[in-house]
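Laboratory data are not the source of any read-out in this text; all were calculated from the coordinates shown. A quick note: this is a predicted structure, and the numbers were derived from the prediction, not measured. Ideal geometry is used to build each Cβ from the backbone, glycine not excepted, and the neighbour counts take in all protein chains shown.
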Amino acid sequence: MDKKKILRSASSDDLKGFEEFLEHTADEISQDKGGKNIGGESLTFLLNDNIRLKKVASLVADKMPVVKSHEQGPRIIEHQRNLNTQLKNELFKILQKPDSPLQKTLTALWDSFFQGEQKS
Amino acid sequence: MNLPIYQIINVKNADLIEIAKLLHEDMNLRRPIVFVVKTLSLDEQREVIGVIGNWFDTHLASWRYPYPVFFVSDLAEAVGFIPIVAEMSALPKFYNQKDTKVTVKESQVLDRNRLLQQEIKNADPHQMAEVVREYGINHKKIWYLVQEGAFYSELLKRLRAKEKVDG
């Protein structure tokens with residue numbers, strides 16, 4: 001109840017003797033508002049928990065049963081393994097050529113070892 | 001109706017009958033649970049952690065959902081699969097709330113949360129946690145294989161570029 005509204009709507013004679021009571025009620029209302037703020041903290045926490053629970057419920061009740069019955073992981077692993085094997089084969093084809101960078105580096109290493117022996 | 005804040009259970013002895021009295025399937029349905037085993041000797045702490053972990057396994061109950069279970073223990077090394085912290089202050093702060101009187105609006109949210117908690121419980125979260133674990137392992141494998149493939153592709157790209165320059 002708003003004190004100002006009551007004061008405006010009623011004449012001063014009607015309110016005689018009630019001023020102190022109205023003052024007290026207005027104070028109580030303002031204190032209650034302060035208390036509600038503390039409750040607000042719990043409300044925020046509960047709403048955040050509600051979001052968390054919704055996500056968990058969606059995970060365990062909706063998404064995971066689908067994943068369980070239509071797991072794609074092993075097929076993706078197989079596909080990626082085949083792709084990697086293809087890439088490795090292509091790499092070896094290039095690297096086994098006599099003029100490939102690998103062969104050149106190995107030749108240089110080999111030659112450098114024997115050059116040292118020839119000098120001595 | 002209570003807020004879903006930590007329920008602290010002080011485990012005072014390692015007696016199996018006493019531990020069994022503390023455990024029931026709906027224990028983490030409404031709020032997270034913290035077992036404080038610090039008053040026990042290190043061997044007893046290890047034993048209690050093992051027993052409670054096994055209990056969740058044998059009863060096909062989930063220690064993760066709807067609310068998690070923690071241990072507060074002096075054991076630094078990992079024992080079992082349930083998370084262990086050294087101090088109460090190391091627990092997730094999300095559930096560290098004041099236990100205030102619930103307002104009408106809050107009790108409405110709590111009612112909605114109760115339905116969700118029950119929905120999670122009914123979805124067999126223990127089995128689903130296993131599915132999540134397998135899904136995670138598979139996708140970790142995929143990640144490593146994709147990394148390997150990206151390395152080969154990069155190598156091939158560089159070698160072909162060099163061949164073009166030389167050729």
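General remarks:
- Scanning residues 5 or more positions from B:Q7 or on other chains, those with amide H under 5 Å from its amide H are B:I33, B:V34, with H placed 1.01 Å from N in the peptide plane.
- In sequence order, calculated HN-Hα J values of the stretch A:63-68 (Karplus, 6.51, -1.76, 1.60; Hz; x Gly/Pro): 6, 5, x, 5, 4, 4
- Neighbour-limited loop hits for GluC sites (Glu not before Pro), the stretch B:47-93 (at most 12 other Cβ within 10 Å; DSSP other than H, G, I, E, B): B:E77, B:E87
- Cleavage-rule hits (chymotrypsin sites (Phe, Trp or Tyr not before Pro)) in the stretch B:46-107: DSSP loop, at most 14 neighbouring Cβ within 10 angstrom: B:F81
- Extension gain from B:D43 to B:K93, taking 0.36 nm per residue of separation minus the Cα-Cα distance: 15.1 nm
- Around B:L23: net Lys/Arg minus Asp/Glu count, Cβ-Cβ under 14 Å: -4
- Close amide H pairs (under 5 Å, H built 1.01 Å from N) link B:V102 with no residue at least 5 positions away or on another chain.
- Solvent-free Debye scattering, log10 I(q)/I(0), computed from the Cα coordinates of the stretch B:1-96 at q = 0.19 Å⁻¹: -0.88
- When its C-alpha radius of gyration is set against 2.2 N^0.38 Å (N residues), the stretch B:73-152 gives a value of 1.72.
- Cut-off of 10 Å, at most 13 other beta carbons, DSSP loop: longest stretch of chain B lacking such trypsin sites (Lys or Arg not before Pro): B:13-97
- In Hz, Karplus ³J(HN,Hα) per residue of the stretch B:29-46 (6.51, -1.76, 1.60; θ = phi - 60°; x = Gly, Pro): 7, 10, 7, x, 10, 10, 8, 9, 10, 5, 6, 8, 6, 4, 5, 5, 4, 4
- Our note on the geometry: Cα centres of the stretch B:83-122 and the stretch B:31-67, 19 Å apart.
- Spin-label model, A:I77 to B:S107: label points 7 Å out along the Cα-to-beta-carbon direction sit 5.2 nm apart.
- Neighbourhood charge, 10 Å Cβ-Cβ cut-off, centred on B:T100 and excluding it, Lys, Arg +1 and Asp, Glu -1: -1
- Relative to the longest principal axis of the Cα atoms of chain B, helix B:125-166 runs at roughly 20 degrees.
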